[in-house]
Amino acid sequence: MAPGGERVRRTVDGWKCSDVFGQRTLFVDSLRGSLTQVQGFRGTICKVHEQDYLLSRINGEVQPDLPASF
């Protein structure tokens with residue numbers, strides 16, 4: 001826990017805003033709404049119900065429901 005009582009999750013290699021290859025920036029407007037709705041829970045660690053989708057986007061896998069430019 002941090003001094004103010006908040007919980008912190010450490011990252012292996014710092015915070016990133018792109019896929020693992022650094023090729024695609026993961027903009028909020030390019031992600032499913034069912035995933036981005038968790039951003040309303042600021043300051044908390046919450047369960048991500050779209051875990052498979054999130055991991056595939058982070059891992060740079062092409063999504064069948066999105067154009068290749070995303």
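What are the pairs, 6+ residues apart or on separate chains, where a residue within the range 47-62 that is over 14 Å from GLY33 (Cβ atoms) has its Cβ under 7 Å from a residue that is of a type in the set (Asp, Glu) and surrounded by 12 or more Cβ atoms within 10 Å (Cβ to Cβ)?
Listed pairs, sorted by first residue: ILE58/ASP19; ASN59/ASP19; GLY60/ASP19.
Let me confirm something: among SER69, SER18, SER56, SER30, which residue is out of contact with any Pro (no Cβ under 9 Å at 6 or more places or on another chain) and at pLDDT below 75?
Going through SER69, SER18, SER56, SER30 in turn, just one is out of contact with any Pro (no Cβ under 9 Å at 6 or more places or on another chain) and at pLDDT below 75: SER69.
The values are calculated or read from the model by the stated rules, or taken from the named source; none is laboratory data. Quick caveat, the model's predicted, so the values are computed rather than measured. Every residue, glycine among them, receives a Cβ derived from its backbone with ideal geometry; neighbour counts consider all protein chains shown.
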